[in-house]
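Engineer: One structure, as structure tokens, below. Some questions next.
The values are calculated or read from the model by the stated rules, or taken from the named source; none is laboratory data. Keep in mind that this is a model prediction, so the values were computed, not measured. A quick note on method: Cβ atoms are made from the backbone with ideal geometry, for glycine too, and the neighbour counts reach across all protein chains shown.
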Amino acid sequence: MATANQTTDQATKGGVLGIVTYLGIKYSVDPALLAMSLPLIAAGLAWVSTRIGDPTVAAFFGDKGCKPVSISITKAPAKKAPAKKAPAKKK
């Protein structure tokens, strides 16, 4: 579930991308160059937001007190098959 900070952050990043697109169209930037540059700008904004805000969610407006959680997954030990009993000898 998105928090208010995440929503504000995504709206800010979307606004920046919108302004870049508007300025690119206004100043007749090649459409292919503009289309290729938008993902790079979005990646740059995400990187900058990890430096400014919460690094765990790449948000400008996040809580700096958050620490990344590391999860280690270990394989369960293999269970040995039950030993087979030898049939009883008939006398």
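Engineer: Spot the failing condition for Ala4; the list is (1) hydrophobic (A, V, I, L, M, F, W, C); (2) surrounded by 11 or more Cβ atoms within 10 Å (Cβ to Cβ); (3) at pLDDT 70 or above, and only one is missed.
Structural biologist: In the conditions (1) hydrophobic (A, V, I, L, M, F, W, C); (2) surrounded by 11 or more Cβ atoms within 10 Å (Cβ to Cβ); (3) at pLDDT 70 or above, Ala4 misses (2) alone.
Engineer: Which number in (1) on the phi > 0 side of the Ramachandran plot; (2) at pLDDT 70 or above marks the one condition that Ala43 misses?
Structural biologist: For Ala43, the failing item is (1).
Engineer: Using beta carbons and a limit of 6 Å, which pairs, at least six apart or on different chains, have the first residue in region 12-24 and farther than 14 Å from Leu34 by Cβ and the second one assigned to a helix (DSSP H, G or I) and not hydroxyl-bearing (Ser, Thr, Tyr)?
Structural biologist: Filtered contacts from region 12-24: Lys13/Leu45.
Engineer: How many residues does region 1-30 hold that are among the polar types (S, T, N, Q), assigned to a helix (DSSP H, G or I) and more than 19 Å from Thr50 (Cα to Cα)?
Structural biologist: 1
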